[in-house]
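S.K.: Got a structure for you, questions after.
The values are calculated or read from the model by the stated rules, or taken from the named source; none is laboratory data. Just so you know, these numbers come straight off a predicted model, no measurement behind them. Cβ placement follows ideal geometry from the backbone for every residue including glycine, while neighbour counts extend to all protein chains displayed. When the accessible area is computed, the model is the full protein with side chains, heavy atoms only, and any ligands, DNA or RNA have been set aside. Shrake-Rupley method; radii C 1.70, N 1.55, O 1.52, S 1.80 Å.
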Amino acid sequence: MSVTEKSAETITGGAASAASPADYIALMKPRVMTLVVFTGFAGLVAAPVDMSFISAAIAIFALALGAGAAGAFNMAYDSDIDAVMRRTRLRPVVRGIVPRAEAYTFGGVFTLASVTLMALAANYVAAALLAFSIFFYALIYTVWLKRSTPQNIVIGGAAGAFPPMIGWAAATGSVSLDAVILFAIIFLWTPPHSWALALYKSGDYAAAKIPMMPVAKGAASTRRQIMIYAIAYVAISLAPLATGLGGMVYAGAAILGGALFLVLSGRVLTSRAGEAGTDEDGLYDVRAGDRAARDLFAFSIAHLALLFAALIAEHGAGLHFAFARFWS
Amino acid sequence: MTDPTPEQTPERPRALTADEEKARKRRNVAIFWSLIGFILLIFLVTIQRLASNISAGG
């Protein structure tokens, strides 16, 4: 860095920044954090071991902080491609309101804080899983996979699948078959969910030169793979019924919701979603031919939320962990 | 003595604008409360662990 560049940064960054706390919260991807907290909470509640309210609350908070740290790393590293895509062009680092170096520092500080809190409030297994999930999202997915392979979100989806496993580990101190099933549910949910979005936002990804499946392999191949992963996802979502993790409420959500998931995936398969055209601006705005993909994208979020809400309802209805043992 | 080249000229910090001053104050307040919150969380975890260990030992 030359003297001139360094001086310019001193003036425009640091104390001279107009960034507000809200800009730093935006760095943490609050919407992603919400899903992380929700699925992590489900894993914690579904675990067969009671956890004190204080420890559970702090463990979930640590999980949220960890997700935020990973989000900050992602926004710092991806600011160049975020600037190209309409969906991400207003992010704080892209707008220059939060300097890239600060976003990295922010991510580092919150990684340390979240892993420390998890280790103290829960156990080292949960803390190690949290640290690994941040590492996986920030380095394996963001730095390596995202720009190099159409399988980016298939493998990278593991990062988003960790929260229920971390919640489970926070309560039990270990990882069991049920925790792996919860992980697998989100892992197999990610490809049809992400590719449904990518089908009707492929123009954005192409402009940013991200090899998302529709860009790299074409829309038809993506629609077929969505169908294959949808079948695998619906199948694995029934596994908790076999292990006893899911009860009647979960069975309803998994069977009825799964059937609808397959119907919507079938509609995408037979549609012309992702064929040429210009992307619309909003997250849910689509060209006429892309409606099937948009519907699957929207329903996929609702279905995953429904499955984990069912687990919370069944295992947490008595709130046995919350009030019986507030402190210990 | 020769004058420094433009690249060597030391930059003088300029005064912050009113908006920048306000933003800096908001950030400082947020950092303050974040630190207080973190300390409280560590305190709570410590007390909870003490209570847990005492009840397990007793």
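Yes or no, residue by residue, for (1) more than 27 Å from A:Gly316 (Cβ to Cβ); (2) touching a helix residue (DSSP H, G or I) at 6+ places or on another chain (Cβ under 8 Å); (3) open to solvent by 10 Å² or more (accessible area, probe 1.4 Å); (4) within 14 Å of another protein chain (Cβ to nearest Cβ):
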site	(1), (2), (3), (4)
A:Lys29	no, yes, yes, no
A:Phe41	no, yes, yes, no
A:Ala46	no, yes, no, no
A:Gly71	no, yes, no, no
A:Asp82	yes, yes, no, no
A:Arg86	yes, yes, yes, no
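S.K.: Would you mind listing the helices (runs of 4 or more DSSP H) fully within the stretch A:47-121 where at least 3 residues are without any contact (Cβ under 8 Å) to a residue 12 or more places away in the chain?
M.R.: On the way: elements: A:53-77, A:79-82, A:92-95, A:100-121.
Answer list for the stretch A:47-121: A:100-121.
S.K.: Let me ask something else about it. In the stretch B:8-16, is there at least one residue being at pLDDT below 90, part of a helix (DSSP H, G or I) and open to solvent by less than 90 Å² (accessible area, probe 1.4 Å)?
M.R.: Taking every residue of the stretch B:8-16 in turn, none turns out to be at pLDDT below 90, part of a helix (DSSP H, G or I) and open to solvent by less than 90 Å² (accessible area, probe 1.4 Å).
S.K.: Answer yes or no: is there a residue in the stretch A:190-203 that is under 30 Å from A:Val49 (Cα atoms) and out of contact with any Pro (no Cβ under 9 Å at 6 or more places or on another chain).
M.R.: Taking every residue of the stretch A:190-203 in turn, at least one turns out to be under 30 Å from A:Val49 (Cα atoms) and out of contact with any Pro (no Cβ under 9 Å at 6 or more places or on another chain).
S.K.: For A:Gly107, only one of the following conditions fails: (1) within 14 Å of another protein chain (Cβ to nearest Cβ); (2) surrounded by 17 or more Cβ atoms within 10 Å (Cβ to Cβ); (3) closer than 30 Å to A:Ala171 by Cα. What is its number?
M.R.: The single condition A:Gly107 does not satisfy is (1).
S.K.: Inside the stretch A:189-218, can you point out the residues that are in a loop (DSSP other than H, G, I, E, B), open to solvent by less than 20 Å² (accessible area, probe 1.4 Å) and in contact with a helix residue (DSSP H, G or I) (Cβ under 8 Å, 6 or more places away or on another chain)?
M.R.: Result: A:Ala208, A:Ile210, A:Met212.
S.K.: Which residues, counting only those in the stretch B:39-58, are within 17 Å of A:Ala62 (Cβ to Cβ) and open to solvent by 80 Å² or more (accessible area, probe 1.4 Å)?
M.R.: Within the stretch B:39-58, B:Ile39, B:Leu40, B:Phe43, B:Arg49 meet the criteria.
S.K.: Something else now. Starting from the stretch B:25-46, keep only residues that are at the interface with chain A (Cβ under 9 Å from one of its Cβ atoms) and more than 18 Å from A:Ala19 (Cβ to Cβ), then list their pairs with residues that are in a helix (DSSP H, G or I) and open to solvent by 100 Å² or more (accessible area, probe 1.4 Å) whose Cβ atoms are within a distance under 7 Å, requiring at least 6 positions of separation or different chains.
M.R.: none
S.K.: Filter the stretch A:55-64 for residues that are open to solvent by less than 20 Å² (accessible area, probe 1.4 Å) and either within 12 Å of chain B (Cβ to nearest Cβ) or among the polar types (S, T, N, Q) (or both) and give the result.
M.R.: A:Ser55, A:Ala56, A:Ile58, A:Ala59, A:Ala62
S.K.: Select, from A:Ser148, A:Ser133, A:Ser174, the only residue that is in contact (Cβ under 8 Å) with a residue 24 or more places away in the chain and either in contact with a Leu (Cβ under 7 Å, 6 or more places away or on another chain) or in a helix (DSSP H, G or I) (or both). Can you show your working first?
M.R.: Values: A:Ser148 fails: either in contact with a Leu (Cβ under 7 Å, 6 or more places away or on another chain) or in a helix (DSSP H, G or I) (or both); A:Ser174 fails: either in contact with a Leu (Cβ under 7 Å, 6 or more places away or on another chain) or in a helix (DSSP H, G or I) (or both).
It is A:Ser133.
S.K.: Select, from A:Ala56, A:Ala72, A:Ala64, the only residue that is under 19 Å from A:Phe41 (Cβ atoms), among the small types (Gly, Ala, Ser) and under 18 Å from the mean Cα position of the chain (by Cα).
M.R.: That would be A:Ala64, the only listed residue that is under 19 Å from A:Phe41 (Cβ atoms), among the small types (Gly, Ala, Ser) and under 18 Å from the mean Cα position of the chain (by Cα).
S.K.: Out of all the residues in the stretch A:13-46, which are over 25 Å from A:Leu241 (Cβ atoms), among the polar types (S, T, N, Q) and in contact (Cβ under 8 Å) with a residue 40 or more places away in the chain?
M.R.: Answer for the stretch A:13-46, where residues must be over 25 Å from A:Leu241 (Cβ atoms), among the polar types (S, T, N, Q) and in contact (Cβ under 8 Å) with a residue 40 or more places away in the chain: just A:Ser17.
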